[in-house]
Amino acid sequence: MKNIVYVENECFVGVTKEGLKFSNIKTKEKKYLTFDDIGTLVFNNRKCYLSERVIEYCVLNHIGILFCDRSHSPLEMIETTYNQEHRYERLKKQLTLTSKVKKRIWRKIVIQKIENQARCLELNEANTDDVALVRSVSNTVVDGDEHNGEAVAAKNYFKVLFGQSGPRIKSVQVK
């Protein structure tokens, strides 16, 4: 699996023979990554500098580029369609899957998502009982997730990760 490279500091990005060079503008620290190691570049700082050559090499190496705005929300995504001649055939196959197969695939996706949440809690050194609670939901997921196991696991996951008064999204009413 390729890496998502998150660029949050003021940085100059350049092209080298084998990949990309990231130069921190303030600390002058340099990091190098090969094209094969990068799946997506996420720029979350408005003082990052890159050239058309960086974009060209990212496209040629199937590397997506995501730019974030001042509030750290996605603003623009550059994703290559270069060398994707079989995209239409793949989409046709996906659309012709039976409902039973789609539900089975969805079940596998939900189970993996819940397992990833449990692993994230482990990495954040959460209480083992809390991790077990989130992980246990994956054992009850049925095809199509008809009992909303994904939502149950997410509720527990966010409560453990952020606490009872964790981050809330404010609703905005449009008149």
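Only the coordinates and a few stated rules stand behind these numbers; no lab work does. None of these values were measured; they are calculated from a predicted model. Here the Cβ positions follow ideal geometry from the backbone for every residue, glycine too, while neighbour counts run over all protein chains shown.
Among residues other than residue 128 whose Cβ falls under 14 Å from its Cβ, what is the net charge (Lys/Arg +1, Asp/Glu -1)?
Values: positive: 119, 135; negative: 122, 125, 129, 130.
In short, -2.
Calculated FRET efficiency, residue 146 and residue 34, Cβ-Cβ r, R0 45 Å, to nearest 0.05? Provide the component values of the computation, followed by the final result.
On the way: r = 44 Å, r/R0 = 0.98.
For R0 = 45 Å, the calculated efficiency reads 0.55.
How far is helix 149-162 tilted off the main Cα axis of the chain, in degrees rounded to 10, range 0 to 90?
Computed tilt is about 60 degrees.
What is the calculated FRET efficiency for residue 60 to residue 124, with r their C-beta to C-beta distance and R₀ = 41 Å, to the nearest 0.05?
Between residue 60 and residue 124 the formula returns 0.65.
Let me check I've understood the local charge: for residue 53, count other residues with C-beta under 14 angstrom from its C-beta, Lys and Arg +1, Asp and Glu -1. What total comes out? Mind dumping the intermediate values first?
Details: positive: 17, 21; negative: 52, 56.
Residues close to residue 53 contribute a combined charge of 0.
Would you pull out the residues with amide H under 5 Å of residue 75's amide H, same chain only if 5 or more places away, H placed 1.01 Å from N?
The answer is 67, 68, 69.
From the mean inverse distance of alpha carbon pairs (Kirkwood) and the Cα radius of gyration, derive Rg over Rh for the stretch 5-93.
Values: Rg = 14.4 Å, Rh = 14.0 Å.
On the Cα set of the stretch 5-93, Rg over Rh gives 1.03.
About its Cα centre, what dipole magnitude does the stretch 1-85 give when the only charges are +1 on Lys and Arg Cβ and -1 on Asp and Glu Cβ, stated in debye to the nearest 20?
Numbers: 11 positive and 12 negative charges, 103 e Å.
It works out to roughly 500 debye.
Using a Förster distance of 22 angstrom, determine the FRET efficiency expected from the C-beta separation of residue 47 and residue 158, and round it to 0.05. Walk me through the intermediate numbers first.
Numbers: r = 32 Å, r/R0 = 1.45.
Taking R0 as 22 Å, the efficiency between residue 47 and residue 158 is 0.10.
Treating cross-link reach as a plain straight distance, find the lysines whose alpha-carbon is under 27 Å from the alpha-carbon of residue 28, omitting any fewer than eight places away in the same chain.
Reachable lysines: 2, 17, 47.
Please give the net charge around residue 62, taking every other residue with its beta carbon less than 14 angstrom from that of residue 62, where Lys and Arg add +1 and Asp and Glu add -1.
Once all neighbours under 14 Å are counted, the net charge is -3.
How would you classify the stretch 1-151 from its alpha-carbon gyration tensor, with a ≥ b ≥ c the square roots of the eigenvalues: rounded for a/c under 1.5, else prolate if a/b is greater than b/c, otherwise oblate? Could the numbers behind the result be given before it?
On the way: a/c = 2.77, a/b = 1.47, b/c = 1.88.
Because a/c hits 1.5 or more and a/b fails to exceed b/c, the stretch 1-151 counts as oblate.
Could you tell me which residue out of 64, 9, 75 lies farthest along the dipole of the stretch 3-78 toward its positive end? Charges go on the beta carbon: Lys and Arg +1, Asp and Glu -1, centred on the Cα centre.
Farthest towards the positive pole: 9.
Under 13 Å between alpha carbons, and skipping anything fewer than 8 positions from residue 113 in its own chain: which aspartates and glutamates qualify?
145, 150
Output the relative contact order of the chain, whole-number percent, from Cα pairs under 8 angstrom with separation of 6+ residues.
Details: 233 pairs, mean separation 24.1, N = 175.
Value for the chain: 14 percent.
Using the reciprocal of the averaged 1/r over all distinct C-alpha pairs, how large is the Kirkwood radius of the stretch 97-161 in Å?
Working: mean 1/r = 0.0845 Å⁻¹.
Kirkwood hydrodynamic radius for the stretch 97-161: 11.8 Å.
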